[in-house]
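Visitor: Sharing a structure below in structure tokens format, with a few things to ask.
The values are calculated or read from the model by the stated rules, or taken from the named source; none is laboratory data. If you're wondering where the values come from, they're calculated on a predicted model, not measured in any experiment. Heads up, the Cβs are rebuilt from the backbone with ideal geometry, glycines too, and the neighbour counts pull from every protein chain shown. Keep in mind that these areas ignore ligands, DNA and RNA; they rest on the heavy atoms of the full protein, side chains included. Shrake-Rupley method; radii C 1.70, N 1.55, O 1.52, S 1.80 Å.
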Amino acid sequence: MELDNIIGQRDLIIQLKRLLELDLTGHAYAFSGPAGIGKKTLASAFIKDLLCLDRKSENCRCISCRTLNEGTNPDFYEVQSDKKSIGVDSIRELRDDAAHRPAYGNRKVYLIPDAELMTVQAQNCLLKTLEEPPEYVVIILLTTSFEALLPTIQSRTVNLRMSPYSDEEMKKIIGSVHPVPDEELGFILRFSHGIPLNAFRMIEEGKVKDLRSQVLRIFEKPGDFIQTENLRKMLLDSREELSTVFDILLSVYRDSLVYKHGMENRLINSDKKDIIKNIASSYENHILLDKIANLEKMRRNFSYNINYQLGIDALLMEIQEV
Ligand SMILES: [Zn+2]
């Protein structure tokens, strides 16, 4: 089974394999979890096993697996999105396609990536299919925010929530793609938060290092308008960096608390001790704790579709406030 090759997510894998073995597949599943956790990787393995006509063999060459690998399997349909929104027309096309019976096996699978981008109209259209699905239809949603979907969709969908990987699992995942020297691995594990894509980006682009210097510059020169404005522009242009920026900020405040408690050898940003020392001496313990709590709250708010620009302004105010 393709699912046997997935690292980690043991509970979900057991659940999915049981469904496949008992042939009890429902009509809608959502793989949910933070961006970059590997929702598509896991969903693709599940889809391959769902459509496979002979689940026993490794590297199966059945017509379904073969055409799926080539991207020509007529029983698999992926909704395309421009990463801004998924409109009702896309879902109507899905619905029309779902009216035709499968070509090879007894299932047709529809994958909707970034499902939270479906407009209300699109979701209502999908709902019609979910209310009276042809027996062979399986719809798979990928989403960073299951709760952002209409309650009527949620109630008809099995939510498979992916959780961050442990350090051990991350080491296996990273090692299977890029061998990384041990001294770098520690830093990568701390900043990637159990999310493989974060780790790969750090390795491939050195991007987190750059982001970290940019964020730390704000603390180096408090009140420097230009640094703040640069960070603001960057966050408005590349929303996908927001989560990493939160990680870096939280690591800075946590380090400052750790420093205050005399545990200098446990700093994440140990190479930036001067900055940490400075922050530690500027704030009382309870203020640092408040800042951490505020940042965590802000991070949660961003996942509930708040006004992005206002959210960024509030974030920058929070970190500049003395
Ligand atoms: Zn197969």
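Visitor: Can you tell me the FRET efficiency between residue 287 and residue 314 if r is taken as the Cβ-Cβ distance and R0 is 25 Å, rounded to the nearest 0.05?
Guide: 0.90
Visitor: Also, I was wondering about something else. At R0 = 30 Å, how high is the FRET efficiency between residue 232 and residue 274 if r is their beta carbon distance? Nearest 0.05 is fine.
Guide: 0.75
Visitor: Give me the net charge for the shell around residue 62: Cβ to Cβ below 11 angstrom, other residues only, Lys and Arg +1, Asp and Glu -1.
Guide: Spelling it out: positives minus negatives among the neighbours equals +4.
Visitor: Between 0 and 90 degrees, rounded to the nearest ten: what's the tilt of helix 10-22 against the longest Cα principal axis of the chain?
Guide: Helix 10-22 sits roughly 10 degrees off the main axis of the chain.
Visitor: A further question on this structure: Angle check, please: helix 225-237 long axis (alpha carbons) against the longest principal axis of the chain (alpha carbons), in degrees 0 to 90, nearest 10.
Guide: 0
Visitor: How would you classify region 203-263 from its alpha-carbon gyration tensor, with a ≥ b ≥ c the square roots of the eigenvalues: rounded for a/c under 1.5, else prolate if a/b is greater than b/c, otherwise oblate?
Guide: The shape class here is oblate.
Visitor: Add -39500 (n - 2.57) for each DSSP H run of 4 or more in the chain, then divide by its residues: what number comes out at 222 nm, to the nearest 500 deg cm²/dmol?
Guide: After summing the helix terms and dividing by the residues of the chain, the value is -17500 deg cm²/dmol.
Visitor: Follow-up question, since we're still on this one. Residues of region 15-38 with backbone nitrogen within less than 18 Å of a virtual label 7 Å along the Cα-to-Cβ line of residue 161, please, listed as ranges.
Guide: 15-16, 29-38
Visitor: Determine the alpha carbon to alpha carbon distance for each of 273/297; 272/297; 84/209; 172/272; 128/172 and list only those over 32 Å.
Guide: From the list (273/297; 272/297; 84/209; 172/272; 128/172), the Cα-Cα distance tops 32 Å for 128/172.
Visitor: Any idea what the dipole of the chain comes to, in debye rounded to 20, about its Cα centre with Lys/Arg Cβ at +1 and Asp/Glu Cβ at -1?
Guide: Approximately 240 debye in magnitude.
Visitor: Going toward the positive end of the dipole of region 2-161, with +1 on Lys and Arg Cβ and -1 on Asp and Glu Cβ, which of 73, 129, 119 do you reach last?
Guide: 73
Visitor: Here is a further query. Going by amide H atoms built from the backbone, whose H comes under 5 Å of the H on residue 159, apart from near neighbours?
Guide: Sorted by chain and number, the residues that satisfy this are 30.
Visitor: Pull up the cross-link candidates among the aspartates and glutamates for residue 17, meaning alpha carbon to alpha carbon under 14 Å and not fewer than 8 places away within one chain.
Guide: 2, 4, 49
Visitor: Please state the charge dipole magnitude for region 2-161, taken about the Cα centre, from unit charges on C-beta atoms (+1 on K and R, -1 on D and E), reported in debye and rounded to the nearest 20.
Guide: The dipole of region 2-161 has a size of about 220 debye.
Visitor: Still on this structure: For residue 111, what residues show an amide H to amide H distance below 5 Å, using hydrogens built from the backbone and excluding near sequence neighbours?
Guide: Placed amide hydrogens put 77, 78, 79, 140 under 5 Å from residue 111.
Visitor: While we're on this one: Work out the FRET efficiency for residue 132 and residue 15 from their Cβ-Cβ distance, taking R0 = 30 Å, and round it to the nearest 0.05.
Guide: For R0 = 30 Å, the calculated efficiency reads 0.70.
Visitor: Next question, about the same structure. Carbon and sulfur together cover what percent of the accessible area of the chain at a 1.4 Å probe radius?
Guide: About 49 percent, which is the carbon plus sulfur part of the accessible surface.
Visitor: Going by the alpha-carbon gyration tensor, a ≥ b ≥ c the square roots of its eigenvalues, is region 1-104 rounded (a/c under 1.5) or, if a/c is not under 1.5, prolate (a/b greater than b/c) versus oblate?
Guide: Here region 1-104 falls in the oblate category.
Visitor: Give the span of region 245-304's Cα atoms along each principal axis, as three whole-Å numbers ordered largest to smallest.
Guide: Its Cα atoms span 37, 22, 15 Å along the three principal axes.
Visitor: Apply the a/c threshold of 1.5 to the C-alpha gyration tensor of region 143-242 and tell me whether it is rounded, prolate or oblate.
Guide: It comes out oblate by the Cα gyration axes.
Visitor: In a solvent-free Debye calculation with one equal scatterer on each Cα, what is log10 I(q)/I(0) for the chain at q = 0.10, 0.13 Å⁻¹, listed in the order of the q values?
Guide: The calculated log intensity ratios at q = 0.10, 0.13 Å⁻¹ are -0.69, -1.02.
Visitor: If you line up the long axis of helix 182-192 against the longest principal axis of the chain, both from Cα atoms, how many degrees apart are they, to the nearest 10?
Guide: 80
Visitor: Right, next: Taking every pair of alpha-carbon atoms in region 188-322, give the share separated by more than 23 Å as a whole percent.
Guide: Tail fraction, whole percent: 31.
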